[in-house]
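Structure first, then comments.
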Amino acid sequence: MWSYTFRRVLATIPTLLAVITVCYLLLHLTPGGPFDGERKVSAAVLANLQAKYHLDLPLWQQYLYYIKSLLQGDLGASFRYADWSVNDLVGKALPVSAAIGGGAIVISLFIGVALGIVAALRQNSIIDYLVMLLGNIGGAFPSFVLGPVLVMVFAIGLEWLPAGGWDDFSLRYMVLPMALLVFINISTIGRVMRGSMIEVLGSNFIRTARAKGLPMRTIVLRHALKPALMPVVSVIGPLAISSITAAVVTETVFGLPGLGKLIVNGAANRDYTLVLGLVVLVTVITVVLNLLVDLAYALLDPKIRY
Amino acid sequence: MHHNKSLRITASAVALALAACSGLALAAQVPAGVKLAAKQELTRNTGSEPESLDPVLAESVPANTITADLFEGLTATDSFGKVVPGVAESWKQTSPTTWVFKLRKNAKWSDGSAVTASDFVYGWQRFVEPKTASPYASTYGIFILNGKEITEGKKPASALGVKAVDKYTLEVQTPYPVPFMPSLVANTQLAPLPKATIDKFGKDWTKPGKMVSNGAFALKDWQVNSKVVVEKNAQYWDVKNVQLGKITYLPIEDHNADVKLYESGENDWVLELPSGTYDKYKTQYPKEIRNAPFLGLRYYSLNNKDPLLKDVRVRKALSMVIDRDILAKKVTADGQSPAYSAIVAGTAGADVTSYDWAKWPMAKRVEEAKKLLAQAGVQPGTKLKFAYNTSDYHKKMAIFAASEWKSKLGLNTELESLEFKVLLKKRHDADYQIARNGWVADYNDATTFLALVQCDNDQNDNKNCNAKAEALIKQGSDTTDQAKRKQLFTQAVKMIMDDYPMIPLLQYTAPRLVKSYVGGYGKNPMDRYRGKDLYIIQH
């Protein structure tokens, strides 16, 4: 397994390089530059700005310059946020996103799996329908609708929690955004879990276990859970990636200083270095989470060996 | 310059009389009878994350707002836009192109050291230097002697026309008479800078714990994309007139989220209401809605080089048929007023011009416009291409304009919604036919708006040029007779606007919600409110 992990990590390098190159070219192909503003800067000021950020060099030289500093762990200077380096910006946004998105994924996993099991065991009963209804609401309503509803109820109506903002990992500010992400994620996890549990419960080895007279609790938790989790594990990777790196709507609704907003603003501002830095980060997160998912398969399914 | 000596002397005398100013400290005036709250803390949304807290790099509303509280220039503007003394207690125009500012001796940096004339010299030189790459270098720098050449790298920063005559006297040279100098130096980009701190920390000097500033407030905390917090600066020379103890600036971009935070009590100041909600909130919060016009113009740029639009008759017809009254009252419906000139109401240095047809009944305007189109050989069904940047507000206005052109002139408009940077690029490159545009004054003088329609100006997206008007502007710029200058500028604007280079539409207002307990909010024509002038009323 170690050599497998090592090989996978090595394979990341060409992926990363390809992603950076494509992204680099796309950014430079997009019309409008980082210093195009409502107030057009004079030719002299533009030249000064471009020189300051090395944009006066030929594209290939800029590219090599970027790769070189990247190898030294330096993501460069942000064009938009002049007082911060991209390392600073990413360093500040990542913990916020990891806390909100990561926390939400863990919570949704527990709730989603539990709901999925309950629904599967009571298939086509009123409980099943209720659970599925809840899941479908989470899936059907976009977060820009659900988010403001949560704010209206819990912040403006009941005044229990703040309507938004961020204060150094204070739990009060994390509850609503996490609740929103959990609500969205459990719909997917719950549905997948229900479907796969129903399928597993219908399989031969479960019938055997029942025939042996094992209590349902044991059957579900000891025998059915592991194989039923396989599809959930498959969806959890992409869900976690999007909850951590692309929770733009959630971050906008609650005014959170996370990665999603940074990447969207970076692209809108043509902040090339910031976008590239975030793309590198997202690529790394994606590769790592996908690897974890693959390793989790091996843990859940004895047939899979690396 | 082509003044003769006697004119120069007369002009100086007039200027002296005009510019003489007393050094009275004018600060947050809390009206008698107003009870202040024990907790003097304000939270205001500034709309986005400041790009920098280095005054010379400030460009956006948030950066300008925050740095204006952290730093104080020679002068400042109060909540009504009046120029008040800042670090300078008095100033004089000693010749058409020389200003002398007397600095107060009790102005201090937040570390307790004195603010001196050399701090201004250093700050201004750093502002125009090419390696600083300040986006405003070419906007304000051109008014200081050699500023333009320094930014272009043709002269060293030391050549800048600013000199510390002694520790508390600053002399400023301008390349031509700049009558609005006292208002210009209120801008944060022309604040003094702490050389020792900048030398010590480099780019990091703007971080909490490192920054030294001379304004009414000092930097306490800065969490990127979350908040900036400042506290009263105990070393500030006029600290006894500063009421607020703490200001928190939020970077909330989403207008709906802004209002939600306001309603839940976590924000005292909504920067901008969501499109189409002004009436609703006006009814809901009558005591908290604030709306004042400011020096800003919404207009549509017409590409004067476009094959169809190069005919002035076509441009005139397009402008004539847009009903600004309906646009203001029904479409945007947020208290803006119709505009028919490149100059908006309240601008110093030129009168607002208008068109004769502005007062005509619409039927007559349409008839005339149709005639013009016919003369220009433009058939009904001709296609126009209109570009705007994606936003509900701009879309609403664009649809209205397109429907006016369609219903009144039979012209078909193709609306193109572009991402902001793409629109900017197209506009700057004149790669458009008709495009949404807007401008907010950088300082209160007609020249800031004239830039939009002057020959070869960076800000002229219409690419129009009227050589005769240009000569009048040059003449006006060179004179020190303010009345003459104003007359020449007004004449030039009228002349240019009769070429229909663009379609002026509305004068901006700032409709927003500010809690009724926030005192000191005035009607500032630049929409700039300093923390120094604000206070919290007992509630």
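Each value in this text was obtained by applying a stated rule to the coordinates, not by laboratory testing. All values derive from a computational prediction rather than experimental measurement. Please note: Cβ atoms are built from the backbone with ideal geometry, for glycine as well, and neighbour counts cover all protein chains shown.
How high is the relative contact order of chain B, in percent, with contacts defined as C-alpha pairs under 8 Å that are six or more residues apart?
21
For each of B:D311, A:D56, B:D119, count neighbouring Cβ atoms within 10 Å of the residue's Cβ, then give the residues from fewest to most.
Taking fewest neighbouring Cβ atoms as first place, the list is A:D56, B:D311, B:D119.
Count, for each residue of A:143-149, the Cβ atoms from other chains sitting within 10 Å of its Cβ, then give me the mean as a whole number.
For this peptide, the per-residue mean of nearby foreign Cβ atoms is 1.
Set Lys and Arg Cβ to +1 and Asp and Glu Cβ to -1, take the dipole of chain B about its Cα centre, and tell me which of B:V87, B:V172, B:M362 lies farthest positive.
B:M362
Mind telling me which of A:E159, A:E199, A:E251 comes out most flexible in a GNM of chain A, alpha-carbon contacts under 10 Å?
A:E159
Between region B:244-262 and region A:46-115, what's the alpha-carbon centroid distance in Å?
25
Taking amide H atoms as placed 1.01 Å from N in the peptide plane, list the residues 5 or more away in sequence, or in a different chain, whose amide H sits under 5 Å from that of B:I536.
Amide H neighbours of B:I536: B:A37, B:G519.
Once the dipole of region B:385-539 is set up with Lys and Arg at +1 and Asp and Glu at -1 on Cβ about the Cα centre, which of B:F400, B:Y517, B:L534 lies farthest towards its positive end?
B:Y517
Which whole-Hz ³J(HN,Hα) couplings does region B:98-108 yield from phi under the Karplus relation 6.51 cos²θ - 1.76 cosθ + 1.60, θ = phi - 60°, glycine and proline marked x?
10, 10, 10, 10, 9, 8, 6, 7, 9, 6, 10
Counting only pairs 8 or more residues apart or on different chains, how many lysine pairs in region B:421-539 have their Cα atoms under 18 Å apart?
So the count of such lysine pairs works out to 14.
5 Å is the cut-off here: which amide hydrogens, built 1.01 Å from N in the peptide plane, fall below it relative to B:T413, excluding neighbours closer than 5 in sequence?
B:L384
Determine the dipole magnitude for region B:199-268: charges of +1 sit on the beta-carbon of Lys and Arg, -1 on that of Asp and Glu, nothing else is charged, the reference point is the Cα centre, and the result goes in debye to the nearest 20.
440
If R0 is 25 Å, what FRET efficiency do you get for A:D301 and A:L133 from their C-beta distance, rounded to 0.05?
0.20
For region B:105-161 and region A:217-276, write down the distance between their C-alpha centroids in whole Å.
Cα centroid to Cα centroid, the span is 47 Å.
Can you list the HN-Hα couplings for region B:451-464, worked out from phi with the Karplus curve (6.51, -1.76, 1.60; θ = phi - 60°), rounded to whole Hz and with x for Gly and Pro?
Values per residue, Gly and Pro as x: 3, 5, 10, 7, 4, 6, 6, 4, 8, 8, 7, 7, 6, 8 Hz.
Run the dipole for the protein assembly as shown about the Cα centre, Lys and Arg Cβ at +1, Asp and Glu Cβ at -1, nothing else charged, and hand back the magnitude in debye, nearest 20.
So the dipole magnitude of the protein assembly as shown works out to roughly 760 debye.
Output wanted: per-residue J couplings in Hz (rounded whole) for region B:502-510, from phi through Karplus 6.51 cos²θ - 1.76 cosθ + 1.60, θ = phi - 60°, x for Gly and Pro.
Result, ordered by residue: 8, 10, x, 10, 9, 8, 4, 10, 10 Hz.
Rank-order B:517-524, A:296-303 by packing density, defined as the average count of other C-beta atoms within 10 Å over each peptide's residues, highest first.
B:517-524, A:296-303
Applying a 10 Å radius around every beta-carbon, put A:200-210, B:388-398 in order of their mean neighbour count, most first.
Descending packing order for the listed peptides: B:388-398, A:200-210.
Angle between the Cα long axis of helix A:103-121 and the longest principal axis of chain A, 0 to 90 degrees, nearest 10?
Rounded to the nearest ten degrees, it is 30.
For chain B, with only Lys/Arg (+1) and Asp/Glu (-1) charged at the beta-carbon, what is the dipole magnitude about the Cα centre, in debye rounded to 20?
760
Against the longest principal axis of chain A, how steep is helix A:225-245, in degrees 0 to 90 to the nearest 10, with axes from Cα atoms?
20
Summarise the partner chain shielding of B:49-58 as one whole number: the mean count of Cβ atoms from other chains within 10 Å of each residue's Cβ.
Neighbouring Cβ atoms belonging to other protein chains average 3 per residue here.
Between the helical axis of A:2-29 and the dominant principal axis of chain A, each derived from Cα atoms, what acute angle in degrees is found, rounded to the nearest 10?
Approximately 50 degrees, to the nearest 10.
Count the net charge of all other residues whose Cβ sits under 14 Å from the Cβ of B:A398, scoring Lys and Arg as +1 and Asp and Glu as -1.
Every neighbour counted, the sum reads +2.
Which of rounded, prolate or oblate describes chain B when judged by the alpha-carbon gyration tensor and an a/c cut-off of 1.5?
It is oblate, given that a/c is not under 1.5 and a/b is not larger than b/c.
Could you list, in their original order, any pairs among B:K329/B:K364; B:K246/B:K282; B:K305/B:K330; A:K92/B:K232 whose Cα atoms are separated by more than 31 Å?
Flagged as over cut-off: B:K305/B:K330.
Only counting other Cβ atoms within 10 Å, I'd like A:M1, B:M502, B:M211, B:M526 sorted with the fewest neighbours first.
A:M1, B:M526, B:M211, B:M502
Region B:381-411 to region B:168-206: how many Å between their Cα centroids?
44
Can you pull the mean other chain C-beta count within 10 Å for peptide B:112-119?
Across the residues of B:112-119, the mean count of other-chain Cβ atoms within 10 Å is 0.
For region B:173-323, what is the Kirkwood hydrodynamic radius in Å, using each pair of distinct C-alpha atoms?
20.8
Please report B:H539, B:H255, A:H54 as a ranked list, fewest other C-beta atoms within 10 angstrom at the top and most at the bottom.
So the residues, fewest neighbours to most, are B:H539, A:H54, B:H255.
Which semi-axis lengths, in whole Å and largest first, follow from the square roots of five times the eigenvalues of the Cα gyration tensor of region B:26-147?
For region B:26-147, the ellipsoid semi-axes come out as 27, 21, 14 Å.
Which value in nm describes the separation of the simple spin-label points at B:L415 and A:Y4, placed 7 Å from the Cα toward the beta carbon?
Modelled inter-label distance: 5.5 nm.
Between B:S213 and residues 5 or more places away or on another chain, which pairs have amide H atoms under 5 Å apart, with H built 1.01 Å from N, and which residues are they?
Residues meeting the amide H criterion: B:S110, B:D111.
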